[in-house]
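First comes the structure, then the notes that go with it.
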Amino acid sequence: MEQAQSVEQRASEVVLEYQIRLEDMTEAVRLLFRRRGRAGFIHHPVFHAAVMVLGVLVLTAGLAGGDGIDFAFGIALIAWPLLMLGVPGMTARQLLRANEHHGVMRVTVAEEGVRTVSAHMDSRMSWANYGSYAETDHCFVLRSPDRIGACAMVIVKQGAHSPQDVDRLRALLNTELPRV
């Protein structure tokens with residue numbers, strides 16, 4: 001009886017092995033920034049476009065009226081969204097640099113929670129440490145239970161052994177966490 005239970009438990013877990021890449025981390029950070037509740041609008045492309053349009057209007061008014069302050073403010077409103085586009089990439093680089101010493105990570109997702117093993121770490125987190133999850137084309141992002149989901153665990157799909165493992169992982173996450 002114990003052997004059958006052990007086999008059933010192994011069938012309900014998904015194991016992934018990967019070394020996180022900059023593209024994966026950038027995608028996860030971008031998703032986190034956009035899904036931050038009310039504050040997420042600051043990183044939304046529509047908001048950036050609206051600020052740029054406002055900047056063009058203020059710049060045009062400054063040029064037409066010969067007002068140097070409106071001109072400078074218009075330039076700032078145009079430049080700010082362009083600079084904000086680089087924030088997810090810069091943040092991802094910093095996070096990757098802080099975690100690159102872990103090397104290849106082995107992540108086991110099971111009914112009990114998530115276990116991560118690397119060259120310098122062995123951690124187990126129960127589902128209570130996560131409040132929700134989101135999915136991108138290349139990864140799953142398990143968000144912390146705080147209102148804005150500021151902390152996260154990135155699980156990269158490339159680490160799955162087969163597409164069926166990604167589907168099993170998605171099904172397991174759906175039973176344990178709400179999807180946002």
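The values are calculated or read from the model by the stated rules, or taken from the named source; none is laboratory data. Remember, it's a predicted structure, so these values are computed and weren't measured experimentally. Cβ atoms come from the backbone with ideal geometry, glycine included; neighbour counts cover every protein chain shown. Surface areas here come from the heavy atoms of the whole protein model, side chains and all, with no ligands, DNA or RNA. Shrake-Rupley method; radii C 1.70, N 1.55, O 1.52, S 1.80 Å.
Excluding ligands, DNA and RNA, the accessible surface per residue across the chain is 59 Å² with a 1.4 Å probe. Label-to-label distance for Val104 and Asn129 is 2.3 nm, based on points extended 7 Å past Cα in the beta-carbon direction. Annotation: average projected area of segment 86-180 is 6.5 square nanometres, based on the convex hull of Cα atoms across all directions. Protein heavy-atom surface of the chain, 1.4 angstrom probe: 60% of the accessible area is carbon and sulfur, with nucleic acids and ligands not counted.
Around Glu112, under 12 Å between beta carbons, what's the net of Lys plus Arg minus Asp minus Glu among the other residues?
Working: positive: Arg115, Arg124; negative: Glu13, Glu111, Glu176.
In short, -1.
For segment 41-129, what does the alpha-carbon gyration tensor say about shape, rounded, prolate or oblate, given a ≥ b ≥ c as the root eigenvalues, a/c under 1.5 as rounded, and a/b over b/c as prolate? Taking the square roots of the gyration eigenvalues as a ≥ b ≥ c, segment 41-129 is prolate. I'd like the distance between the alpha-carbon centres of segment 110-125 and segment 130-149, rounded to an integer number of Å. Cα centroid to Cα centroid, the span is 17 Å.
Estimated from helices alone, the mean residue ellipticity of the chain at 222 nm is -16000 deg cm²/dmol (sum of -39500 (n - 2.57) over DSSP H runs with n ≥ 4, per residue).
Put simply, the Cα atoms of the chain extend 85, 31, 27 Å along their principal axes, the longest span coming first.
Rounded to the nearest 0.05, what FRET efficiency do His138 and His44 have when you use their Cβ-Cβ distance and R0 = 22 Å? Mind dumping the intermediate values first?
Numbers: r = 20 Å, r/R0 = 0.93.
According to the calculation, E is roughly 0.60.
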